[in-house]
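The values are calculated or read from the model by the stated rules, or taken from the named source; none is laboratory data. Just so it is clear, the model here is predicted, and its values are computed rather than measured. Don't worry about glycine lacking a Cβ; one is built from the backbone with ideal geometry, like all the others, and counts go over all protein chains shown. These accessible areas exclude ligands, DNA and RNA; they are computed on the full protein's heavy atoms, side chains included. Shrake-Rupley method; radii C 1.70, N 1.55, O 1.52, S 1.80 Å.
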Amino acid sequence: YQAKKIKNSYSFFTEEMRSLNAFRADVEHELRGAIESCELWMAYQPQINADETLYGVEALVRWQNEKLGFVPPDKFIYVAEESGLMKELGEFIIQTSLREIGELQKELNLSFSLSINISVVQLMEADFLPNLLKIIAKENFDRSSLTLEITESLSIESLDDVLPILYDIQEHDIQISLDDFGTGYSSLSILRELPIDELKIDKSFIDKILYDESEKILVESIINIGKNFHMKTLAEGVECIEQVNELKRSKCDIFQGYYYSKPLSKEDLKKFLRKG
Ligand code: C2E
Ligand code: MG
Ligand code: MG
Ligand code: MG
């Protein structure tokens, strides 16, 4: 039975793999010229405090390609990582979001936080922090309002390499957020080993809190753990007011999701901020 099952799934697997490989090859090929031909831009999704004021925005990369159409980031970031393109892409992301948000803050005379997603591959580049600091200086950006989002899927093996970099980052007043918290396999002990300022509770939990009591208890517990470790807690992917109310009852600090706003272009973010 085992052998048969493996055989069946094997033939299915290769079919899927063939088209996946073709797609991946296309993505890699098209991605090589994407920055220079201005196919990439940044979108910004507002993050809202419990008192309904603005906390900040998360920068999310966008790619529209002539041949492939719109390609979502989780379909091309890993390709960039595997094909050595992440350094250039990462620098574009950091450079563009610091410049655009810095300009907006000055223009509207507003100060708010900017979160940028950083992949572990990016973080491990030898000159990651020096380059980041260079861009911050060039853009004259306020370091203390910058947060780097690192996903929890950090493997335990990479932890030893990542730890000193994270401490270095924190020593420069830059905040660290643990993204997609609860979805990885890492143990809770990373919460005391890593210098984390914010826990970002994954959307997959938030989705279920209204109808699944045990999921609600789980989220409440995560919020309490965050509080006890003096971390901010942010709920991602909130889509309705009932979720927000429930999370406010559990004393979650910050909310992000379609209920407040989808990710916006720089122009639309400006309109959103002007409306207050
Ligand atoms: P993430 O960092 O967890 O980002 C949240 C994702 O959820 C975003 O998808 C956002 O558009 C989406 N989202 C936010 N609120 C809602 C909601 O209420 N409902 C639903 N259905 N979705 C919501 P996106 O932009 O497709 O990004 C997917 C992932 O790709 C991100 O997950 C992040 O891991 C990665 N990513 C995006 N931009 C970048 C980037 O600039 N650099 C790196 N390294 N990774 C990025
Ligand atoms: Mg994120
Ligand atoms: Mg997330
Ligand atoms: Mg997520």
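Between the amide H of residue 115 and those of 57, 58, 59, 147, distances stay under 5 Å, these residues lying 5 or more places away or on another chain, with hydrogens modeled in the peptide plane. Summarising the amide proton neighbourhood of residue 184: residues at separation of 5 or more, or on other chains, whose placed amide H is nearer than 5 Å comprise an empty set. Taking the protein heavy atoms of the chain in the context of the full set of protein chains, the accessible area attributed to carbon and sulfur is 53 percent at 1.4 Å.
Mind checking which aspartates and glutamates have their C-alpha under 12 Å from residue 251, skipping anything on the same chain fewer than 8 residues away? Cα-Cα hits under 12 Å: 51, 220. Per residue, region 59-117 exposes an accessible area of 45 Å² to a 1.4 Å probe, with every protein chain left in place. With the cut-off at 24 Å, tell me which of the pairs 67/134; 216/248; 87/134; 232/271; 232/262; 232/275 have Cα atoms farther apart than that. With Cα atoms farther than 24 Å apart: 67/134; 232/271; 232/275.
The Cα-based radius of gyration and maximum Cα-Cα distance (Dmax) for region 92-223 are 16.4, 49 Å. Taking a point 7 Å out from the Cα of residue 221 in the direction of its Cβ, the residues of region 177-211 whose backbone N falls within less than 13 Å of it are 182, 188.
Within 14 Å, Cβ to Cβ, of residue 210, how many net charges do the neighbouring residues add up to if Lys/Arg are +1 and Asp/Glu are -1? Value of the local net charge: -3.
Rounded, prolate or oblate for the chain? Axes are the square roots of the Cα gyration tensor eigenvalues, ordered a ≥ b ≥ c, and the cut-off for rounded is a/c under 1.5. Rounded, since a/c falls under 1.5. Inter-label distance, residue 161 to residue 267: 4.2 nm, where each label sits 7 Å from its Cα along the C-beta direction.
Considering only 121, 219, 71, the mean-square fluctuation computed in a Gaussian network model of the chain, springs between alpha carbons under 10 angstrom, is largest for 71. Using a Gaussian network model of the chain in which every pair of alpha carbons under 10 angstrom is joined by a spring, one finds that among 176, 116, 206 the greatest mean-square fluctuation is at 206. Taking packing as the residue-averaged number of other Cβ atoms within 10 angstrom, the listed peptides 102-110, 161-169 run from highest to lowest as 161-169, 102-110. At full extension, residue 229 and residue 64 could sit 55.3 nm farther apart than now, given 0.36 nm per residue minus the alpha carbon distance.
Note on residue 23 and residue 92: their simple-model spin labels are 2.1 nm apart, each label 7 Å out from Cα toward Cβ. Remark: accessible surface ordering of 249, 32 (largest first) is 249, 32, probe radius 1.4 Å. Counting DSSP beta bridges in the chain, what percent are antiparallel, to the nearest 5? About 40 percent, rounded to the nearest 5.
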